[in-house]
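Peer 1: Quick one: this structure, given as structure tokens, is what I'll be asking you about.
The values are calculated or read from the model by the stated rules, or taken from the named source; none is laboratory data. If you're wondering where the values come from, they're calculated on a predicted model, not measured in any experiment. Cβ placement follows ideal geometry from the backbone for every residue including glycine, while neighbour counts extend to all protein chains displayed. The area values use the complete protein model at the heavy-atom level, side chains included, leaving out ligands, DNA and RNA. Shrake-Rupley method; radii C 1.70, N 1.55, O 1.52, S 1.80 Å.
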Amino acid sequence: MTPPTTDGPPAPTTTREEAWVAHAALLDAARNATDDETPYHRPIESIERGAALDDEDVALLRDALVDYLGNAPVRDRAPGRALLRRTDDAADALSGRA
């Protein structure tokens, strides 16, 4: 079995709760976007499939989580913060590779 790589795109979520929060945050961001051509459908589809996010989708998810967690329901806050920490780490790793 091949060991996992650490330099690829991150897994979007690790728990069902995190997937729910990511989905809610991205839907909220899409609703609040002023541009009709919002790219939020891409990370939503990746999360629903359990696929890795590309660099742009990680940034979209991170920004959506930052906005969402300010007024998120209490049940979404802990998994949302855990996911935000990982997206921050992933964004930092991606900027370090550039």
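Peer 1: Return the tail of the calculated pair distribution for segment 18-98, meaning the percent of Cα-Cα pairs more than 15 Å apart. Please list the in-between numbers first.
Peer 2: Numbers: 1701 of 3240 pairs.
Of all Cα-Cα pairs in segment 18-98, 52 percent lie more than 15 Å apart.
Peer 1: Simple spin-label model, 7 Å along Cα-to-Cβ: Asp89 to Asp67 in nm?
Peer 2: Going from the Asp89 label point to the Asp67 one covers 2.6 nm.
Peer 1: Quick one: pull the percent of accessible area on segment 20-73 belonging to carbon and sulfur, 1.4 Å probe, ligands and nucleic acids left out.
Peer 2: Details: 1410 of 3060 Å².
Here it works out to 46 percent.
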